[in-house]
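See below for the structure under consideration.
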Amino acid sequence: MNATATLERLVPTATPAVAAPVTGPTLWAPATTGVELTVVVPFYNCGPVVGQTIHAISATLAAAGIGHEIIAVNDGSTDGSQLHVPYLPQVRLIDNRLNSGKGNALHQGFAAAQGAWVGFIDADGDIDPAHLATYLELARGGDHAAVYADKRHAHSVSGASKARKLISMVYSTLVTLLFLLQVKDTQTGCKIIRRDALAQLLPHLREQRFAFDLEFFVAAKAAGIRNLHAAPVALNTAANGSTVTSKTIVRTLRDTVTILGRHLGGHYRQAAV
């Protein structure tokens, strides 16, 4: 089967050509028996590595006996990355033609999720997919609403450059001062969230780019969701290079101020049950 035919089989017929934010109360596909974990993999111009990451996710979860599905969301790649998404029965592809941001891609993946737990992981291979199985085990055993990667955890290991570590520390300090969160690391791209908790918060989340992660934690605090568990992570950022650019940093800071405005205005308190 050629790459074009594979793409046609993988793209759902209802997939829009242009990404659109998914908001409002009707967000979920029905939960499906046998799918314990949905993993959303947003990607943009990462080439063949997206296929390697998806294969590794599926193999890891299958070996752990975890019923799963993987929803790969192309955020308008221009390098043909979507052609590397593997043709597997447990993998679906949402193929957007325009770049609209990681947060928008996650919204789309979450809207199609059928698992009792919903997770996401970066496509670039910096984070070992084995963390997904470990985090799910922690979530089950501790009755946590979410388990998230924390690169500042005492047992975490990071191959990031000194500059990237400094940027991360400055940003996390800023977030702590602005929002008084009990979360040291909002941004590392591997999280697992209980379906009902995500369904409660998602209609109130508006961020379409990298600040999505921060907004999730701000909304969770406002909604009174406290049982969020930080877990160690091993980061191998040297594998494929950093995707953090000066433009990304400026945009994330601007979006952080926007989130602060919503927070001070009481927007996220609407998520409280």
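The table below gives the values:
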{"read-out": "Qualifying residue in the range 124-132 (condition: in contact with a Pro (Cβ under 9 Å, 6 or more places away or on another chain) and either of a type in the set (Ser, Thr, Tyr) or within 19 Å of SER172 (Cβ to Cβ) (or both))", "value": "no"}
{"read-out": "Which numbered condition VAL250 misses (of (1) out of contact with any helix residue (DSSP H, G or I) (no Cβ under 7 Å at 6 or more places or on another chain); (2) of a type in the set (Val, Ile, Thr); (3) surrounded by 15 or more Cβ atoms within 10 Å (Cβ to Cβ))", "value": "(3)"}
{"read-out": "The lone exception for ASP196 - which of (1) under 23 Å from LEU61 (Cβ atoms); (2) buried (at least 16 other Cβ atoms within 10 Å of the Cβ); (3) of a type outside the set (A, V, I, L, M, F, W, C) it fails", "value": "(2)"}
{"read-out": "So PRO42, is it buried (at least 17 other Cβ atoms within 10 Å of the Cβ), at pLDDT 95 or above, over 19 Å from the mean Cα position of the chain (by Cα) and closer than 23 Å to HIS131 by Cα", "value": "no"}
{"read-out": "Residue that is farther than 16 Å from ASP255 by Cβ, part of a loop (DSSP other than H, G, I, E, B), of a type in the set (A, V, I, L, M, F, W, C) and at pLDDT 95 or above, where the choices are ILE192, ILE225", "value": "ILE225"}
{"read-out": "Residue in the range 165-181 that is of a type in the set (Phe, Trp, Tyr) and closer than 25 Å to ASP75 by Cβ present", "value": "yes"}
{"read-out": "Flag for HIS144 being modelled with pLDDT of 95 or more, in a loop (DSSP other than H, G, I, E, B) and either of a type in the set (Gly, Ala, Ser) or in contact with a strand residue (DSSP E or B) (Cβ under 6 Å, 6 or more places away or on another chain) (or both)", "value": "yes"}
{"read-out": "Test: GLN114 is in a loop (DSSP other than H, G, I, E, B), under 19 Å from ALA29 (Cα atoms) and not aliphatic (A, V, I, L, M)", "value": "yes"}
{"read-out": "Any pair with Cβ under 7 angstrom, 6 or more apart, that starts in the range 29-50 at a residue that is among the small types (Gly, Ala, Ser) and ends at one that is in a loop (DSSP other than H, G, I, E, B)", "value": "ALA29/ALA112; ALA29/ALA113; ALA29/GLN114; ALA31/GLN114; ALA31/ALA116; GLY34/GLY67; GLY47/ASP79"}
{"read-out": "From the options VAL175, VAL170, residue that is over 15 Å from the mean Cα position of the chain (by Cα), over 30 Å from PRO48 (Cα atoms) and surrounded by 18 or more Cβ atoms within 10 Å (Cβ to Cβ)", "value": "VAL175"}
{"read-out": "ARG9 farther than 17 Å from ASP124 by Cβ, at pLDDT 75 or above and among the basic types (Lys, Arg)", "value": "no"}
{"read-out": "Answer residue from the range 67-105, given it is over 16 Å from the mean Cα position of the chain (by Cα) and part of a helix (DSSP H, G or I) and is surrounded by the fewest Cβ atoms within 10 Å (Cβ to Cβ) among those", "value": "LEU83"}
{"read-out": "The range 48-66: number of residues that are outside any helix (DSSP H, G or I) and in contact with a Leu (Cβ under 7 Å, 6 or more places away or on another chain)", "value": "1"}
{"read-out": "Which listed residue, of LEU166, LEU214, LEU178, is aliphatic (A, V, I, L, M), at pLDDT below 95 and in a helix (DSSP H, G or I)", "value": "LEU166"}
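The values are calculated or read from the model by the stated rules, or taken from the named source; none is laboratory data. What you are looking at is a predicted structure, and each value in this text was computed from that prediction instead of being measured. For neighbour counting, all protein chains shown are included, and Cβ atoms are generated from backbone atoms with ideal geometry for every residue, glycine included.
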